[in-house]
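First comes the structure, then the notes that go with it.
The values are calculated or read from the model by the stated rules, or taken from the named source; none is laboratory data. Because the structure is a prediction, the values reported are computed rather than measured. Cβ atoms come from the backbone with ideal geometry, glycine included; neighbour counts cover every protein chain shown.
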Amino acid sequence: MRTWLILPLASLFATSAHAAGPEAGRWSMSLVGGVDVPVSGDVHKGATVLVPDLGPLNPDLAGVDAELRIGARGHDRIYDTAGTVGLELAYAPSDRSEVFGQVRRTEADDGRVMVGGAYVPALDTELPVYGSFEDYSALSAEVGYRMYFGTAGAARPFVGARLGATRVNGIRATFEIPDAGITIPDAPFYDKGWVASGGLDVGVIVPFGETFSMTLASGVRYTADLKDDDSAIGGLGLASINDTGSRVSVPVTLSARWDF
């Protein structure tokens, strides 16, 4: 075979032997970006409570009673898809495994939905009740383990697991009954605080040289119940509706990875 054919082939095999990806004793850093889609978990639960006098909420309705019928509303209905960015540092004890630590920010825009109704016996009708919830903003710090399959130097699938904690910013809510002229503005709903989080990962890493690769990943994420604040809604008998806040989501991320 001619020399001009041998040299490119030799170069290809040399690159494959030392391609980017997990290699025993090697560290890596990754920049992560993507979306995080909620699939389960409630922002608030449902409840039915009697309000004997609407006067404190609207003086024109003094002496009028109502029954608040609040339904459960999920993260997917209020916040929809979130954006996520992160930074990761990993170490490979072997060519088929690595341990990692990741810091990740997840953000979703505020949302407004109909959360239930207010039945007013004096009118024999149910008036819609709306809730507007502040942005969902969370900072996660997690550690985990990945196992890779396939041959170094080519695209390799992997599975992984992670565990850590997530700090979710405080969330305020505004509740409105427009047809009754009632508004409860900026009611504290969740306190800022740390809660447990974790997840499972699946993905594929694709090398583009000796030190750079791209990773496409998905999986499932879990964030535990948030820290409720009943200071504004407790007086209405709704203290139980925010005894929740856990979130299950499916991320889709693309990472740029550098090995060193």
Could you look through the stretch 162-184, keep only residues that are small (Gly, Ala, Ser) and assigned to a strand (DSSP E or B), and pick out the one that is surrounded by the fewest Cβ atoms within 10 Å (Cβ to Cβ)? Ala165
I'd like to know if the stretch 117-125 contains one or more residues that are without any contact (Cβ under 8 Å) to a residue 40 or more places away in the chain and assigned to a strand (DSSP E or B). yes
Does Ala90 count as out of contact with any strand residue (DSSP E or B) (no Cβ under 8 Å at 6 or more places or on another chain) and surrounded by 15 or more Cβ atoms within 10 Å (Cβ to Cβ)? no
Would you point out the residue of the stretch 6-48, among those that are within 30 Å of Gly237 (Cβ to Cβ) and either at pLDDT below 95 or buried (at least 16 other Cβ atoms within 10 Å of the Cβ) (or both), that is farthest from the chain's Cα centre (by Cα)? Ala47
Has the stretch 222-235 got at least one residue that is among the aliphatic types (A, V, I, L, M) and outside any loop (DSSP other than H, G, I, E, B)? no
Kindly provide the set of residues from the stretch 111-146 that are among the hydroxyl-bearing types (Ser, Thr, Tyr), under 24 Å from Thr166 (Cβ atoms) and either surrounded by fewer than 15 Cβ atoms within 10 Å (Cβ to Cβ) or touching a helix residue (DSSP H, G or I) at 6+ places or on another chain (Cβ under 8 Å) (or both), ordered by number. Tyr136
Starting from residues that are crowded, with 21+ Cβ neighbours inside 10 Å and among the β-branched types (Val, Ile, Thr), keep the ones in the stretch 217-255 and report whichever is nearest to the chain's Cα centre (by Cα). Thr223
When you scan the stretch 185-207, do you find a residue that is assigned to a loop (DSSP other than H, G, I, E, B), in contact with a Gly (Cβ under 9 Å, 6 or more places away or on another chain) and loosely packed, with under 15 Cβ neighbours inside 10 Å, even just one? yes
Quick check, is Ser213 among the polar types (S, T, N, Q), within 30 Å of Ala24 (Cα to Cα), surrounded by 14 or more Cβ atoms within 10 Å (Cβ to Cβ) and modelled with pLDDT of 95 or more? yes
